[in-house]
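Chemist: Below you'll find the structure I mean.
The values are calculated or read from the model by the stated rules, or taken from the named source; none is laboratory data. Computed from a predicted model, the values in this text were never measured in an experiment. Every residue, glycine as well, gets a Cβ built from its backbone with ideal geometry; the counts of neighbours run over all protein chains shown. The protein model used for the area step is the full one, side chains on, heavy atoms only, and it has no ligands, DNA or RNA in it. Shrake-Rupley method; radii C 1.70, N 1.55, O 1.52, S 1.80 Å.
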Amino acid sequence: MPALSAPPPDHAQLPEPRPIITPPPRILVTPPQSALILTAAIVGAETTRAQTPHLPITARELADEAARCRDAGASVVHLHVRNPDGSPSQSRALFAEAIAAIHEKTDVIVQTSTGGAVGMGVDERAQPLLCSPEMATLNCGTLNFGDGIFDNTRPLIRDMAARIRAGGSVAELECYEVGHIHEALSLVAEGLLAEPLHFQFVLGVPGGIAAREDVLRFMITQIPQGATWGVAAVGRHQRPMTELAMQLGGHARVGLEDNIYLDKGVLAEGSAPLVARAAAFARSVGREVVEPDRARQLLGIRPRAAAAQAGAASGGSARAQG
Ligand code: KMH
Ligand code: ZN
C-alpha cells in the first residue's frame, strides 16, 4: 500500500533555517511636549437646535463660541454658517459676517468648510473661499454620508483645490476613507496641492471608514513624511479616538458638529467644554496645546500681522512662503 502522506523531509536537505524578519511598522513617537493643534467644529451643517439648544447659529453666537473655545485651548475653528432659521448655508455674506465677528473677539485660525451640506453644488460650497479664509477644507472623495451621498467627484475635488489656491487659503485634507488619502496624494503629484500637507481623518461617519484604532494606525502609515494629521471622530467615538490620536502624535478636532454629548446622555453646553476636556487630556499625556500663532507656523499659514499687511496691499495669500 502506498503511504497516505508524504514521508517526513530529510532535514539534512533543507536550507538552514533563518529567522523570519518582517519590516517593523513605521513607529510614530510622540516627543514630550510636542505641539498639538486642537480644532473646534462649533456648528457644522447637520446638528440641529432640536438636538441641542447649545448650537450657535448667528454670527454673534458663533463668535462667542469661537472665543470660548479659544480660551479652552482651540487654535482653529472649523466654520459652517446657518441661515436665521437654522438651515445650513454656504453664503459668502454669512461667512463674511461670521468671520469678521470671530476676528473681532479672538485670534483663532478660521477654517471654512467647503463641504457645506450634502446636496449642495460646487459653486455654492466654494462661496466662503471668496472671503479668503486662512484655511479651508478640501474633501478628498465621495462617500455615503448617512442616508445621503456626499458628492466629491474627482473633477470637483480638482476644481475646489484650484479655488482654495486662488483664494490663498491653506487646505485641510478631509479623508473619510483610505482611498481619499491616495486621492490627495494624486493632487500633489499633479501639482494641484502644495506642501506641507495637513490631513484630517474623519472617522465613524455612517457610510465612511470606521472609528477604530487599527484603521487609524493604518491611515497614518499612508501619509508622507512631513505631513501633519488629525482626527475628527463622530458621536461616541469622538472622545476615545481623539485621545488615541493625541497619544499617537496627531492633532484633534472636537465640537458639536461631530458630537453633542459630553458624556452618555449629557449634552455638552457648547463645544468649549469638549475642547477643555481634550486639552486637559492632551496635557496629561505630555502634549503642548498650542496657541493660534504657533498653529499657523505648524500649518504653513502666514502670521496674522504679515497677512494683514499683504492683504491690505494685494488681497494676499494666507499661505506662508517657502
Ligand atoms: N457637512 C458634511 C456633508 C466640511 O466641512 O468640509 C461635510 C462637511 C465637510 O462638514
Ligand atoms: Zn464641516
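Chemist: Name the one entry in Gly255, Gly230, Gly250 that is open to solvent by less than 10 Å² (accessible area, probe 1.4 Å), at positive phi and under 18 Å from the mean Cα position of the chain (by Cα).
Modeler: Selected residue: Gly255, the only one of Gly255, Gly230, Gly250 that is open to solvent by less than 10 Å² (accessible area, probe 1.4 Å), at positive phi and under 18 Å from the mean Cα position of the chain (by Cα).
Chemist: Please indicate, with yes or no, whether at least one residue in region 34-49 is modelled with pLDDT under 95, among the polar types (S, T, N, Q) and either surrounded by fewer than 24 Cβ atoms within 10 Å (Cβ to Cβ) or within 13 Å of ligand 1 (Cβ to nearest atom) (or both).
Modeler: yes
Chemist: Here are Gly116, Gly73: which of them is on the phi > 0 side of the Ramachandran plot, within 15 Å of ligand 1 (Cβ to nearest atom) and either under 20 Å from the mean Cα position of the chain (by Cα) or without any contact (Cβ under 8 Å) to a residue 60 or more places away in the chain (or both)?
Modeler: Exactly one of Gly116, Gly73 is on the phi > 0 side of the Ramachandran plot, within 15 Å of ligand 1 (Cβ to nearest atom) and either under 20 Å from the mean Cα position of the chain (by Cα) or without any contact (Cβ under 8 Å) to a residue 60 or more places away in the chain (or both), namely Gly116.
Chemist: May I ask you to say which residue of Ala67, Ala12 is at pLDDT below 95 and not in a loop (DSSP other than H, G, I, E, B)?
Modeler: The conditions single out Ala12.
Chemist: Related question: List the pairs whose first member sits in region 213-228 and is over 17 Å from Met241 (Cα atoms), whose second member is assigned to a loop (DSSP other than H, G, I, E, B) and not polar (S, T, N, Q), and whose Cβ atoms are under 6 Å apart, counting only residues at least 6 apart or on separate chains?
Modeler: Listed by first residue and then by second, the contacts come to Ala227/Leu197.
Chemist: Here's a check for you: in region 272-307, which residue that is in a helix (DSSP H, G or I) and of a type in the set (D, E, K, R) is most open to solvent (accessible area, probe 1.4 Å)?
Modeler: Step by step, filter region 272-307, then rank; the result is Arg283.
Chemist: Among (1) touching a strand residue (DSSP E or B) at 6+ places or on another chain (Cβ under 6 Å); (2) of a type in the set (A, V, I, L, M); (3) open to solvent by less than 10 Å² (accessible area, probe 1.4 Å), which single condition is Ile57 missing?
Modeler: Every listed condition holds for Ile57 apart from (3).
Chemist: Right, something else. Go through Pro196, Pro155 for me and flag whichever is in contact (Cβ under 8 Å) with a residue 60 or more places away in the chain and away from ligand 2 (no atom under 16 Å from the Cβ).
Modeler: One residue alone meets the criteria, Pro196.
Chemist: Also, I was wondering about something else. Residue by residue through region 117-154, note down the ones that are open to solvent by 10 Å² or more (accessible area, probe 1.4 Å), part of a loop (DSSP other than H, G, I, E, B) and not polar (S, T, N, Q).
Modeler: Residues satisfying the conditions are Ala117, Val118, Gly119, Met120, Gly121, Glu134, Gly146, Asp147, Asp151.
Chemist: What residue, of Gly179, Gly191, Gly168, Gly207, is more than 12 Å from ligand 1 (Cβ to nearest atom), outside any helix (DSSP H, G or I) and open to solvent by 30 Å² or more (accessible area, probe 1.4 Å)?
Modeler: The match here is Gly191.
Chemist: Just checking, does region 77-100 include any residue being crowded, with 20+ Cβ neighbours inside 10 Å, within 16 Å of ligand 1 (Cβ to nearest atom), in a loop (DSSP other than H, G, I, E, B) and within 16 Å of the chain's Cα centre (by Cα)?
Modeler: Yes, some residue in region 77-100 is crowded, with 20+ Cβ neighbours inside 10 Å, within 16 Å of ligand 1 (Cβ to nearest atom), in a loop (DSSP other than H, G, I, E, B) and within 16 Å of the chain's Cα centre (by Cα).
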